[in-house]
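The values are calculated or read from the model by the stated rules, or taken from the named source; none is laboratory data. No experiment lies behind these values; they were computed from the predicted model shown. Cβ placement follows ideal geometry from the backbone for every residue including glycine, while neighbour counts extend to all protein chains displayed.
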Amino acid sequence: MLEVTITLRFNHHCLGNCRRDKVSTFLHDPNGHVMFLPTWWSAIVRYAADVLNHYQAVVRHIDWDPVVVGTPRTYRRFYAPGRFMTHEAFFPGDHITVHAVLPSEIPLDGFRDLLDIAGRYKGMSPYKPEKKYGTFEVMSVTPRKRRIHAAGQLKSETK
(Lines give C-alpha, C1' and ligand atoms only; values in the text may rest on other atoms or scores of the structure.)
Protein backbone atom coordinates (compact mmCIF):
# COMPACT_ATOMS: atom_id res chain seq x y z
CA MET A 1 0.00 0.00 0.00
CA LEU A 2 1.15 3.51 -0.75
CA GLU A 3 -0.23 6.84 0.43
CA VAL A 4 -0.16 9.43 -2.35
CA THR A 5 -0.74 13.15 -2.79
CA ILE A 6 -2.64 14.10 -5.95
CA THR A 7 -2.67 17.60 -7.41
CA LEU A 8 -5.33 18.38 -10.00
CA ARG A 9 -6.07 21.45 -12.12
CA PHE A 10 -9.66 22.06 -13.18
CA ASN A 11 -10.45 22.66 -16.86
CA HIS A 12 -14.14 23.48 -16.24
CA HIS A 13 -15.96 24.85 -13.22
CA CYS A 14 -16.48 22.44 -10.33
CA LEU A 15 -19.72 23.51 -8.61
CA GLY A 16 -21.16 22.88 -5.16
CA ASN A 17 -24.65 21.42 -4.92
CA CYS A 18 -25.70 21.79 -1.24
CA ARG A 19 -28.33 24.54 -1.09
CA ARG A 20 -27.67 26.88 1.85
CA ASP A 21 -28.96 30.44 2.15
CA LYS A 22 -29.45 30.89 -1.61
CA VAL A 23 -25.94 29.56 -2.38
CA SER A 24 -25.10 26.03 -3.50
CA THR A 25 -22.03 25.06 -1.50
CA PHE A 26 -19.74 22.07 -1.26
CA LEU A 27 -19.90 19.67 1.65
CA HIS A 28 -17.61 20.83 4.46
CA ASP A 29 -16.07 19.00 7.39
CA PRO A 30 -16.41 20.44 10.94
CA ASN A 31 -13.20 22.45 10.37
CA GLY A 32 -14.63 24.09 7.25
CA HIS A 33 -12.59 22.15 4.67
CA VAL A 34 -14.25 21.20 1.37
CA MET A 35 -15.04 17.49 1.09
CA PHE A 36 -15.47 15.27 -1.96
CA LEU A 37 -16.93 11.95 -0.85
CA PRO A 38 -14.87 8.81 -1.46
CA THR A 39 -17.81 7.29 -3.34
CA TRP A 40 -17.53 10.09 -5.93
CA TRP A 41 -13.84 9.38 -6.52
CA SER A 42 -14.50 5.63 -6.62
CA ALA A 43 -17.19 6.05 -9.29
CA ILE A 44 -14.99 7.98 -11.70
CA VAL A 45 -11.98 5.72 -11.14
CA ARG A 46 -14.12 2.60 -11.73
CA TYR A 47 -15.21 4.16 -15.03
CA ALA A 48 -11.56 4.80 -15.93
CA ALA A 49 -10.59 1.20 -15.06
CA ASP A 50 -13.33 -0.02 -17.41
CA VAL A 51 -12.09 2.28 -20.19
CA LEU A 52 -8.50 1.11 -19.73
CA ASN A 53 -9.66 -2.49 -19.23
CA HIS A 54 -7.19 -2.74 -16.37
CA TYR A 55 -7.29 -2.61 -12.55
CA GLN A 56 -11.09 -3.22 -12.41
CA ALA A 57 -10.74 -5.71 -9.54
CA VAL A 58 -8.51 -3.50 -7.38
CA VAL A 59 -9.74 0.10 -7.79
CA ARG A 60 -12.41 -0.57 -5.16
CA HIS A 61 -9.56 -0.97 -2.65
CA ILE A 62 -8.34 2.61 -3.08
CA ASP A 63 -8.98 4.59 0.12
CA TRP A 64 -9.80 8.26 -0.48
CA ASP A 65 -9.38 11.11 1.99
CA PRO A 66 -12.61 13.13 1.72
CA VAL A 67 -10.87 16.43 2.58
CA VAL A 68 -9.84 18.51 -0.43
CA VAL A 69 -7.12 21.12 -0.08
CA GLY A 70 -8.13 24.15 -2.12
CA THR A 71 -9.98 27.44 -1.79
CA PRO A 72 -13.32 27.73 -3.59
CA ARG A 73 -14.80 31.02 -4.76
CA THR A 74 -18.27 32.31 -5.60
CA TYR A 75 -19.59 31.65 -9.11
CA ARG A 76 -22.82 32.78 -10.75
CA ARG A 77 -24.24 30.21 -13.17
CA PHE A 78 -26.70 31.92 -15.52
CA TYR A 79 -29.50 29.63 -16.66
CA ALA A 80 -31.71 32.27 -18.32
CA PRO A 81 -31.17 35.94 -19.24
CA GLY A 82 -30.84 37.82 -15.97
CA ARG A 83 -31.43 34.66 -13.87
CA PHE A 84 -28.63 32.91 -12.09
CA MET A 85 -27.75 30.50 -9.34
CA THR A 86 -24.85 31.21 -7.00
CA HIS A 87 -22.44 28.34 -6.35
CA GLU A 88 -19.36 27.80 -4.29
CA ALA A 89 -16.92 26.70 -7.01
CA PHE A 90 -13.45 25.88 -8.15
CA PHE A 91 -12.72 27.74 -11.39
CA PRO A 92 -10.82 26.60 -14.50
CA GLY A 93 -7.12 26.78 -13.63
CA ASP A 94 -7.67 26.26 -9.87
CA HIS A 95 -5.59 23.54 -8.25
CA ILE A 96 -6.75 21.15 -5.54
CA THR A 97 -4.90 18.49 -3.61
CA VAL A 98 -6.37 15.23 -2.39
CA HIS A 99 -4.85 12.20 -0.69
CA ALA A 100 -5.43 8.50 -1.26
CA VAL A 101 -4.00 5.14 -0.29
CA LEU A 102 -3.33 2.83 -3.23
CA PRO A 103 -3.31 -0.94 -3.08
CA SER A 104 0.05 -2.43 -4.03
CA GLU A 105 -1.42 -3.78 -7.30
CA ILE A 106 -1.74 -0.25 -8.74
CA PRO A 107 1.58 1.45 -9.58
CA LEU A 108 1.86 5.27 -9.58
CA ASP A 109 1.90 5.44 -13.39
CA GLY A 110 -1.17 3.22 -13.62
CA PHE A 111 -3.01 5.34 -11.07
CA ARG A 112 -2.08 8.50 -12.95
CA ASP A 113 -3.51 6.92 -16.13
CA LEU A 114 -6.76 6.15 -14.28
CA LEU A 115 -7.04 9.74 -13.04
CA ASP A 116 -6.21 11.11 -16.49
CA ILE A 117 -9.12 9.18 -18.05
CA ALA A 118 -11.45 10.02 -15.15
CA GLY A 119 -10.62 13.73 -15.31
CA ARG A 120 -10.90 14.00 -19.06
CA TYR A 121 -14.24 12.22 -19.49
CA LYS A 122 -16.05 12.36 -16.15
CA GLY A 123 -14.58 15.10 -13.97
CA MET A 124 -15.31 15.79 -10.32
CA SER A 125 -18.21 18.08 -9.53
CA PRO A 126 -21.03 17.47 -7.06
CA TYR A 127 -23.36 19.59 -9.23
CA LYS A 128 -24.67 17.68 -12.28
CA PRO A 129 -21.60 15.54 -13.02
CA GLU A 130 -23.27 14.34 -16.24
CA LYS A 131 -22.90 17.89 -17.62
CA LYS A 132 -19.09 17.63 -17.59
CA TYR A 133 -18.57 20.16 -14.82
CA GLY A 134 -15.29 19.64 -13.00
CA THR A 135 -13.18 18.05 -15.71
CA PHE A 136 -9.55 18.17 -14.68
CA GLU A 137 -5.92 17.53 -15.57
CA VAL A 138 -3.59 15.56 -13.35
CA MET A 139 -0.67 17.78 -12.37
CA SER A 140 1.10 15.28 -10.11
CA VAL A 141 0.77 12.03 -8.22
CA THR A 142 3.53 11.59 -5.67
CA PRO A 143 4.11 9.46 -2.59
CA ARG A 144 3.00 11.38 0.49
CA LYS A 145 5.92 12.23 2.72
CA ARG A 146 5.54 12.13 6.46
CA ARG A 147 8.04 12.72 9.21
CA ILE A 148 7.97 12.03 12.91
CA HIS A 149 7.88 14.91 15.41
CA ALA A 150 10.06 14.99 18.46
CA ALA A 151 6.96 13.88 20.43
CA GLY A 152 6.69 10.77 18.25
CA GLN A 153 3.64 11.95 16.31
CA LEU A 154 3.38 11.84 12.52
CA LYS A 155 3.20 15.08 10.60
CA SER A 156 2.41 15.45 6.90
CA GLU A 157 4.80 17.30 4.66
CA THR A 158 2.34 18.22 1.94
CA LYS A 159 2.10 21.66 0.46
Inset, instruction - Considering only the stretch 75-111, state which residues are touching a Ser or Thr at 6+ places or on another chain (Cβ under 8 Å), of a type in the set (Ser, Thr, Tyr) and modelled with pLDDT under 95. - result: Tyr75, Thr86
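Could you check the stretch 47-91 and list, in sequence order, the residues that are polar (S, T, N, Q) and surrounded by fewer than 15 Cβ atoms within 10 Å (Cβ to Cβ)?
Asn53, Gln56, Thr71, Thr74
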Inset, instruction - Taking the options Ile6, Ile44, Ile106, name whichever one is touching a residue at least 24 places away in the same chain (Cβ under 8 Å), surrounded by 19 or more Cβ atoms within 10 Å (Cβ to Cβ), out of contact with any Gly (no Cβ under 7 Å at 6 or more places or on another chain) and assigned to a loop (DSSP other than H, G, I, E, B). - result: Ile106
Legend entry - Residue within the stretch 19-32 that is touching a Ser or Thr at 6+ places or on another chain (Cβ under 8 Å), assigned to a loop (DSSP other than H, G, I, E, B) and surrounded by fewer than 16 Cβ atoms within 10 Å (Cβ to Cβ) present: yes
Inset, instruction - Examine the stretch 121-129 for a residue that is within 27 Å of Asp21 (Cβ to Cβ) and at pLDDT 95 or above, and state whether such a residue exists. - result: no
Inset, instruction - Could you tell me whether the stretch 9-27 includes any residue that is closer than 30 Å to Thr86 by Cα, among the basic types (Lys, Arg) and under 17 Å from the mean Cα position of the chain (by Cα)? - result: yes
Legend entry - So Ile117, is it under 22 Å from Val34 (Cβ atoms) and either modelled with pLDDT under 90 or β-branched (Val, Ile, Thr) (or both): no
Legend entry - Pick from the stretch 117-136, criterion in a helix (DSSP H, G or I) and either touching a Phe, Trp or Tyr at 6+ places or on another chain (Cβ under 9 Å) or in contact (Cβ under 8 Å) with a residue 40 or more places away in the chain (or both), ranking: surrounded by the most Cβ atoms within 10 Å (Cβ to Cβ): Ala118
Inset, instruction - Being free of Cβ contacts under 8 Å to residues at least 40 places away in the same chain and in a strand (DSSP E or B) is the filter here, so list the residues in the stretch 71-93 that pass it. - result: Arg73, Arg76, Phe78, Tyr79, Ala80, Arg83, Phe84
